Amino acid sequence: MPLGSEGFVIIDLPDVSADILPSYDDCPVDEYMGNGTRFKRFSQYRLSPQGEHAWSFDRLAHRDYTTYKKFNSVGGGIRRVYEPIKVDFTPLIEAGIRELGLDRSEDWQINVHQNRTRADGGKPGPLTPEGVHHDGHEFVMIAILDKVNVAGGTTRLWRSGADAPFWSGTLEPGQAVLLDDRALAHDVTDVLSGDGGPGHRDIVIIAFSRWAEKWYGEEHDAAALSDDENTDDNAAENTDADAK
C-alpha cells in the first residue's frame, strides 16, 4: 500500500506566498455544493518528470469539472462550471509530490480545487455533503491554509466496509493529509462557527491521476456524464465516491 501500511500521512506545508490567502476572498460561490456556504475555483494540470527530481506543471485548457455519480452522489454526473484559479499553488503541490514519491516513469494529471467554506451561528458549512466517499483518483492531498473563527472540520478516514473511521483528526493551517484514495474512504465533519459569528476555512485539494487514465478531456466528460455509472473501466477500478 502506498504511503505506508496505514495508507495516509500528515505533513507540514511550506509557507505560502503573500497572494495566496487574499485570493480566497474573491472565490465565486459554488452553485453545486454547500448550499451557499462554499466558494470555489478550479484548475487542472499535466505533470511531466523533468531531470532527476523536478516536475513541469503545464496548465491545461480550462474545462467544466465533471466526476462520476458513484464518486459524488451530490455533484457527480453533471457539468460544474467554475472559474479558474488565479494564484500559484505549485510549491504546496510539490511538497505533496515529494512525500508521495510520485512515479516518475509517466505523466500525471491533477485536479486542483481552491475551496472556502463559510459558517455562522445559524448555518454550518457542510464539507462533504456526499458522505463517506472515495474521489476516484490514485492519491488525494487536502491542505488546510487558513481557519478563522471556526470549529469542527474533523477529517475521518475509513477502511473498506468499516462501520467507524479508523482515524480522525482536525488539521490546522499549515498541515495537509495525503491519502491513498483507492485504499481509504474519507469524510469531513461540518465547519461550525466558533462563537456564533461568521467564520471560514480555506483549503486546497489536489487529486492525482496517471495521465493514461484519462481524467481530462472529452472522453472523460462523456463517461462521467453518462447515465451508466459503470461506463468508464478505469474509474470502476478505483472503487466508490469526491473529497473536500
### Task
Determine the gain in length on full extension of the stretch Ala162-Arg59; use 0.36 nm per residue of separation and subtract their C-alpha separation, reporting nm with one decimal.
33.3 nm
### Task
Select from Val112, Ile97, Pro124 the residue farthest towards the positive end of the dipole of the range 71-218; place +1 on Cβ of Lys and Arg, -1 on Cβ of Asp and Glu, and compute about the Cα centre.
Pro124
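Per residue, how much accessible area does the chain have with a 1.4 Å probe, in Å²?
42
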#### Entry: Surface share of carbon and sulfur [accessible, 1.4 angstrom probe, percent] for the chain
47
### Task
Could you pull out every one of the aspartates and glutamates with an alpha carbon less than 15 Å from that of Lys123, ignoring same-chain neighbours closer than 8 positions?
Asp190, Asp195
#### Entry: In range of the label at Asp103: residues from the range 38-65 whose backbone nitrogen is under 15 Å from the point 7 Å along Cα→Cβ
47-49
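On full extension of the chain, what length is gained from Arg79 through Ala222, given 0.36 nm per residue of separation minus the C-alpha to C-alpha distance?
Numbers: separation 143, 0.36 × 143 = 51.48 nm, distance 1.03 nm.
The span from Arg79 to Ala222 would gain 50.4 nm if fully extended.
Suppose only helical runs count, i.e. DSSP H with n ≥ 4. What mean residue ellipticity at 222 nm does that imply for the chain under -39500 (n - 2.57) per run, divided by all residues and rounded to the nearest 500 deg cm²/dmol? Can you show the working numbers first?
Details: 4 runs with 27 residues, N = 244.
Calculated from helices alone, the mean residue ellipticity at 222 nm is -2500 deg cm²/dmol.
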## Note on the structure
Reduced to Cα centres, the span from the range 168-197 to the range 35-62 in Å works out to 21
### Task
With a ≥ b ≥ c taken as the square roots of the eigenvalues of the C-alpha gyration tensor of the chain, please select rounded if a/c is under 1.5 and otherwise prolate if a/b is larger than b/c or oblate if it is not?
rounded
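Around Asp58, what is the net charge, scoring Lys/Arg as +1 and Asp/Glu as -1 over all other residues with Cβ under 14 Å from its Cβ? All intermediate terms of the calculation are to be shown ahead of the outcome.
Numbers: positive: Arg46, Arg59; negative: Asp88, Asp107.
For residues surrounding Asp58, the net value is 0.
I need the calculated FRET efficiency for the pair Arg46 and Asp146, taking r as the beta carbon distance and R₀ as 45 Å, to the nearest 0.05.
Values: r = 28 Å, r/R0 = 0.63.
Result of the calculation: an efficiency of 0.95.
The values are calculated or read from the model by the stated rules, or taken from the named source; none is laboratory data. Because the structure is predicted, anything quoted here is derived from the model rather than measured. Cβ: placed from backbone, ideal geometry, glycine included. Neighbour counts: every protein chain shown. Quick note on the areas: whole protein, heavy atoms, side chains included, nothing else; ligands and nucleic acids left out. Shrake-Rupley method; radii C 1.70, N 1.55, O 1.52, S 1.80 Å.
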